[in-house]
Amino acid sequence: MLRLVARLGVATCLAPAWPVMADATPADEGGRPVAAVAGSSSGAGRPGATAPPYKRPESVLVVVFTRAGEFLLLRRTRPRDFWQSVTGSLRVGESPRHAALRELREETGLKVSPSALLDLHRTERFPILPAWRARYAPGVHYNLEHWFAVCIPGHRLILLNPAEHLESRWLPAPRAAAMATSWTNRNAIQAIGALAMVPR
């Protein structure tokens, strides 16, 4: 499934009218516009709602790459030297697709058409790092990650949230995979890089 979906997504990416928009409205699973969710990444899923005491152990990974085959990586404020693609936890009642669009906007400033977000239909389950374990309910030790990808025509200005990330880099697939700290992130970059037949 990942092979087929990735090839279809790359074909769309290479088309002249790939939709990168200045102001895109997030959509639900059916592509219908939904209202933006107020608050930070860890907030509740309803505007004005009180944030839950613990994070939801379910997240998104959004791999951003260009037509030239360069992948975007962000360096987290902590742990030290932790490099990753766009990631973030789902809020209460939030779908993976909506979370992916929201995190992309919050972490990079990139606003894309909902149709530009490619659902890779792949999930990975991995242990939560000890440094972040306190954010989750007692007894929760694993997180479920949903994979997405976004292909853009070329480099765009990345607006980092200084509370979360310190710097960004555009790298070819092999270097990006080698620098990514998470094994799931490395696997995603390698898979997309191979299926997209981007420069290696």
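Tabulated data for the structure shown
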| quantity | calculated |
| --- | --- |
| Failed item in (1) modelled with pLDDT of 95 or more; (2) surrounded by 20 or more Cβ atoms within 10 Å (Cβ to Cβ), with Lys55 passing the rest | (1) |
| Qualifying positions in the range 133-176 - without any contact (Cβ under 8 Å) to a residue 12 or more places away in the chain and exposed (fewer than 14 other Cβ atoms within 10 Å of the Cβ) | Arg133, Ala134, Pro138, Gly139 |
| Given (1) modelled with pLDDT under 55; (2) outside any loop (DSSP other than H, G, I, E, B); (3) closer than 25 Å to Leu166 by Cα, number of the condition Thr12 does not satisfy | (3) |
| Qualifying residue in the range 178-193 (condition: farther than 19 Å from Val60 by Cβ and assigned to a loop (DSSP other than H, G, I, E, B)) | no |
| Residue, surrounded by the fewest Cβ atoms within 10 Å (Cβ to Cβ), within the range 177-196, restricted to residues that are under 14 Å from Arg75 (Cα atoms) and touching a residue at least 12 places away in the same chain (Cβ under 8 Å) | Thr181 |
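The values are calculated or read from the model by the stated rules, or taken from the named source; none is laboratory data. Because the structure is predicted, anything quoted here is derived from the model rather than measured. In this analysis, Cβ positions are derived from the backbone assuming ideal geometry, glycine residues included, and neighbour counts consider all displayed protein chains.
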